[in-house]
Amino acid sequence: MQYIFNVLEIMPVATLFTALIYISIYLILKQKRNKNGNISRLVVEFILIEWCVLFLYVTQVMRFGNGFGDLVNFTPLYLFYIAAKYGLINATMITQFSLNILMFLPLGFLLPIVFLNKFKNHLKILLVSFGISLSTEITQILTGRNADVDDIIANTLGGLIGFSLYIFYKGIYFILRRKKQGKPIGIDRYSIKVIASFSIIIITLSPFIVVKIINTNNEYGYIYYGHLQPINIEISDNITDEETTLKVYKNIQIESLKELQKRLKANTGFTGDFNNTDGCSICKNNKNEAIYIYEYNTWRITFSRDTDIKVEISKLPNEDEAVKLAYEYLKKFQISPDTVRYMGINDNYSNNNLHLEFKSIMITNRVNVWGDIHVEIGEGGRLLSISDYRTYNEFVKEVKTISPRDSIKVAQDIGVGEWTGTAYVTSVEPSYYFNKNTGYLIPTWQITSTFKAKSGRYYSWTPNIKAIK
């Protein structure tokens with residue numbers, strides 16, 4: 001959508017620039033023009049020139065990638081392969097493909113109107129659309145911009161669909177005006193062109209429909225893979241290539257929303273009322289104190305933050321003391337210390353308070369309580385916030401999985417772009433991913449590795465890969 005807003009912002013300037021070009025062309029060709037030209041034709045010509053101006057702006061000025069993190073993509077329709085195999089959640093570049101189709105619709109529709117005798121069939125529109133798109137992609141390569149074979153495919157289809165809409169428009173025009181009988185005005189072999197037009201539209205829509213059906217019929221849902229893809233991967237010998245079975249769970253509600261609201265208000269002493277905002281139930285006690293209840297009854301509570309701006313490190317408890325305090329706070333909110341494991345202090349926050357992370361370890365044959373708990377402690381051991389992102393899930397069935405080694409191949413196949421260097425994979429362990437769209441707790445393979453970049457620096461590379469075969 002941001003691309004559309006960018007184009008809309010430049011429209012006034014583009015219109016002014018188009019007016020200058022159009023007036024210049026009109027004056028130069030005035031003697032050669034048909035004197036019977038009407039206002040509607042002038043408007044169509046103006047729109048076609050403005051399309052050219054906007055096209056040059058979008059392709060040569062605006063910057064956006066092909067969705068794979070690559071400078072050049074030569075694999076045709078690879079985005080539909082990604083969408084079918086790994087879900088639409090990992091194929092956001094389909095939106096860009098659709099926009100590229102829409103971008104060329106005006107060209108295919110306007111050309112046969114402006115040039116009455118030169119664009120009478122789909123083949124000529126195909127050649128023009130393909131030629132313009134190909135030359136644009138070549139220019140983008142030469143200027144160091146992203147180039148994609150799918151842009152050429154989408155642009156060409158867009159031009160053909162635009163011409164198909166023109167064919168339909170002429171047919172409707174004939175029916176309404178009834179100036180001739182037997183065939184639409186100015187179009188030979190109309191029935192054949194109508195069939196061709198419908199065929200082009202069906203062919204264009206088919207991959208979108210197939211991908212949508214595949215995604216809709218996936219019961220458990222997909223996982224978003226937001227990791228970078230190492231160019232090279234070295235795998236430890238202890239990682240097996242044997243397939244196995246893992247358990248799938250589905251969320252169950254062990255406490256109603258009203259019961260949870262009542263319990264949290266009793267635990268905090270807050271007196272405000274709950275209100276729903278964008279699917280979140282919020283109780284504000286005062287300016288800085290509030291309870292937030294999200295979907296699946298996960299929640300977060302914030303207390304007074306008057307110590308957040310400037311934190312005196314000397315007044316913070318040490319880690320051992322903070323952990324003991326955190327366990328006491330957990331008990332206050334009916335979270336048993338026996339059901340969680342302390343994972344450490346998270347330093348990825350803007351303030352200097354202590355952010356303690358806990359992970360649920362409550363797993364039985366029938367129930368899997370999955371997720372993390374966050375406790376924020378400030379000066380003097382004061383509780384500043386507590387969050388419970390655990391979900392309660394019940395066993396559904398066991399499923400066959402891909403092997404741990406195959407999960408590494410998946411991690412290389414899908415991601416947000418290539419990463420120059422080498423990943424040294426040390427372990428691949430069973431884990432889970434909770435899909436909020438389906439409510440399923442999906443078994444995964446958690447990859448643990450150290451990545452050595454080309455610069456010589458080391459990073460952690462830990463993609464979580466869907467294990468279901």
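Structural remarks
- Verdict on Thr391 being in contact with a helix residue (DSSP H, G or I) (Cβ under 9 Å, 6 or more places away or on another chain) and surrounded by 14 or more Cβ atoms within 10 Å (Cβ to Cβ): yes
- When residues of the stretch 191-211 are limited to those that are within 16 Å of Ala91 (Cβ to Cβ) and touching a residue at least 60 places away in the same chain (Cβ under 8 Å), the one surrounded by the most Cβ atoms within 10 Å (Cβ to Cβ): Val211
- Residue that is surrounded by the fewest Cβ atoms within 10 Å (Cβ to Cβ) [pool: residues in the stretch 430-442 that are among the polar types (S, T, N, Q) and assigned to a strand (DSSP E or B)]: Ser431
- For first residues located in the stretch 261-280 and assigned by TED's automatic domain parsing to the domain that holds Asn297, partners that are surrounded by 14 or more Cβ atoms within 10 Å (Cβ to Cβ) and charged (D, E, K, R) and lie 6+ apart or on another chain with Cβ distances below 8 Å form the pairs Thr268/Glu289; Phe270/Glu289; Thr271/Lys265; Gly272/Lys284.
- Answer residue from the stretch 450-469, given it is without any contact (Cβ under 8 Å) to a residue 60 or more places away in the chain and in a strand (DSSP E or B) and is surrounded by the fewest Cβ atoms within 10 Å (Cβ to Cβ) among those: Ser460
- Comparison of Lys258, Lys359, Lys310, Lys262 shows that the only residue that is part of a loop (DSSP other than H, G, I, E, B) and either closer than 19 Å to Tyr389 by Cβ or of a type in the set (D, E, K, R) (or both) is Lys310.
- Every residue from the stretch 15-29 that is in a helix (DSSP H, G or I) and either at pLDDT below 85 or polar (S, T, N, Q) (or both): Thr15, Thr18, Ser24, Ile25, Tyr26, Leu27, Ile28
- Contacts under 9 angstrom Cβ, first residue in the stretch 334-362 being closer than 22 Å to Tyr392 by Cβ, partner of a type in the set (A, V, I, L, M) and exposed (fewer than 12 other Cβ atoms within 10 Å of the Cβ), 6 or more apart: Asp338/Ile361; Thr339/Ile361; Val340/Ile361; Arg341/Ile361
Residue-by-condition table, conditions (1) at pLDDT 90 or above; (2) more than 21 Å from Phe130 (Cα to Cα); (3) within 17 Å of the chain's Cα centre (by Cα):
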{"residue": "Gln31", "(1), (2), (3)": "no, yes, no"}
{"residue": "Trp51", "(1), (2), (3)": "yes, no, no"}
{"residue": "Val72", "(1), (2), (3)": "no, no, no"}
{"residue": "Pro76", "(1), (2), (3)": "yes, no, no"}
{"residue": "Ala83", "(1), (2), (3)": "yes, yes, yes"}
{"residue": "Ile89", "(1), (2), (3)": "yes, yes, yes"}
{"residue": "Leu102", "(1), (2), (3)": "yes, no, no"}
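One line per residue, one yes/no per condition, for (1) assigned to a loop (DSSP other than H, G, I, E, B); (2) surrounded by fewer than 15 Cβ atoms within 10 Å (Cβ to Cβ):
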site: Glu398; (1), (2): no, yes
site: Asp406; (1), (2): no, no
site: Ala411; (1), (2): no, no
site: Val416; (1), (2): yes, no
site: Tyr424; (1), (2): no, no
site: Val428; (1), (2): no, no
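The values are calculated or read from the model by the stated rules, or taken from the named source; none is laboratory data. For clarity, every value in this text was computed on a predicted model and none was experimentally measured. Reconstructed Cβ throughout: ideal geometry from the backbone, glycine too, with neighbour counts over all protein chains shown.
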